[in-house]
1. When only residues in the range 27-65 that are surrounded by fewer than 21 Cβ atoms within 10 Å (Cβ to Cβ) and assigned to a helix (DSSP H, G or I) count, which is farthest from ligand 1 (Cβ to nearest atom)?
2. What number of residues in the range 181-196 are away from ligand 2 (no atom under 16 Å from the Cβ), of a type in the set (Ser, Thr, Tyr) and part of a loop (DSSP other than H, G, I, E, B)?
3. Please count how many residues of the range 157-215 are crowded, with 16+ Cβ neighbours inside 10 Å, of a type in the set (A, V, I, L, M) and farther than 18 Å from HIS133 by Cβ.
4. Can you name the residue in the range 11-26 that is part of a strand (DSSP E or B) and out of contact with any Leu (no Cβ under 8 Å at 6 or more places or on another chain) and, of all such residues, is modelled with the lowest pLDDT?
5. With GLY80, GLY105 as the choices, which residue is in contact with a strand residue (DSSP E or B) (Cβ under 7 Å, 6 or more places away or on another chain) and within 24 Å of ALA202 (Cβ to Cβ)?
6. Can you name the residue in the range 73-91 that is in contact with a Phe, Trp or Tyr (Cβ under 9 Å, 6 or more places away or on another chain) and surrounded by 21 or more Cβ atoms within 10 Å (Cβ to Cβ) and is also nearest to LYS49 (Cα to Cα) among such residues?
7. Could you check GLY219 against (1) open to solvent by less than 40 Å² (accessible area, probe 1.4 Å); (2) under 25 Å from GLU332 (Cβ atoms); (3) more than 16 Å from ligand 2 (Cβ to nearest atom); (4) in a strand (DSSP E or B) and say which number it fails?
Amino acid sequence: MENVIEINNLSKEFKVLNRHEGIKGSIMDLFSRDYKTVYAVKDVSLSIKQGEIVGYLGPNGAGKSTTIKMMTGVLKPSSGSILVNGRVPYKDRAKNSQEIGVVFGQRSQLWWSLPLIESFKLLKEIYGIDSKHYDEMMKFYGTLVDLEPILHKPVRQMSLGQRTLSDILASFLHNPKICFLDEPTIGLDVAMKSNIRTLIHAINEKMNTTVILTTHDMGDVDALCKRIVIIDKGQMLYDNDIDHLRKFFGAYRTLKVRLKGDMSEKVKEVEKALEAMDVSVSSDDEWISVLVNEEKCGVLDVLSTIQKEHKVTDMQLQEISTEEVIKKIYTEGV
Ligand SMILES: Nc1ncnc2c1ncn2[C@@H]1O[C@H](COP(=O)(O)OP(=O)(O)O)[C@@H](O)[C@H]1O
Ligand SMILES: [Mg+2]
């Protein structure tokens, strides 16, 4: 299979003003030439094949959007190389955009006051989409989404969900080889998130479009991504199958218990009781959760230790979630 994206030792640095504190500092900043260099992306290497859906994950400020901006040709790398469909994106921006689609969540690429259908017709002209393909895509979209309520509506009158849906449909219309979706489900309700996931999945399947998806929503990852790449502070922490990760953390289970009495008090006591056991304890209003590595200690040992001092009124046992797996990588590495 062909690599549609080839990234080698890619870095992007920004020069930012060194800010000084206080009122005096703010005045100093006005005249300051005191810059520091921050690496938004540092030494990232990555190759992606046609048809893959890759989850590009990391905490806020990790460098995800900066990477995407370099792949789309908006930003020029500071060092390293990047090829998208065999081209250098920032040098060949016009040709590159013919073969990619881009959606930045909460920032529509569509014509604000035009009905969606008019935006589609403009895109047809701009990308030189032939009528046969255009009609086919519209028909295909019609099988995936109820187009009726959005097609004749100006984008500015749409709900966030409808707008996101429209943006995604628009970004795939010219049959790009790659589509970059930067936080497409941000701010959406559960039902709309599910619609969007179904849509992305169906288009990827039919058109074999490569999808690079950044998200904070582990539901998106679970529903769509076979492979995940994790970055933090600009640097790559992980690149592999999500199944590989789950296997790696396969010995982890979460034991959830409900105790009699005031739960917020109980958490500290449970933490103390389990101090010697190398587990991590967290809680919400309802449950105290204990993440257990069964290679180190048994869930039943943990449970009986808790029961020595507390009355357990309810319990659950869960496999480790994708979210917990990724949190562990952020904090401990692989
Ligand atoms: N134009 C810019 N000028 C200065 N710093 C920037 C610029 N764009 C991004 N950064 C910094 O680079 C880092 C990565 O940002 P970004 O790629 O937006 O992260 P993410 O999308 O993962 O949240 C952050 O520390 C951010 O403040
Ligand atoms: Mg971002």
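1. Among those residues, the one meeting the criterion is ILE27.
2. We begin by selecting, within the range 181-196, every residue away from ligand 2 (no atom under 16 Å from the Cβ); these are 188-196.
Next, from what is left, pick out any that are of a type in the set (Ser, Thr, Tyr): 194.
Keeping just the survivors that are part of a loop (DSSP other than H, G, I, E, B) gives none.
Looking only at that region, the number is 0.
3. Counting residues in the range 157-215 that are crowded, with 16+ Cβ neighbours inside 10 Å, of a type in the set (A, V, I, L, M) and farther than 18 Å from HIS133 by Cβ gives 12.
4. Among those residues, the one meeting the criterion is LEU17.
5. On the way: GLY80 fails: within 24 Å of ALA202 (Cβ to Cβ).
Only one candidate passes the filter, namely GLY105.
6. ILE82
7. Result: GLY219 passes all but (4).
Every residue, every condition in (1) within 13 Å of ligand 2 (Cβ to nearest atom); (2) acidic (Asp, Glu); (3) touching a residue at least 60 places away in the same chain (Cβ under 8 Å), yes or no:
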residue	(1), (2), (3)
ASP34	no, yes, no
TYR39	no, no, yes
GLY63	yes, no, yes
ILE68	yes, no, yes
SER81	no, no, yes
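The values are calculated or read from the model by the stated rules, or taken from the named source; none is laboratory data. The model shown is predicted, which means the values in this text are computed figures rather than measured ones. Backbone-built Cβ (ideal geometry, glycine too); neighbour counts: all protein chains shown. Quick note on the areas: whole protein, heavy atoms, side chains included, nothing else; ligands and nucleic acids left out. Shrake-Rupley method; radii C 1.70, N 1.55, O 1.52, S 1.80 Å.
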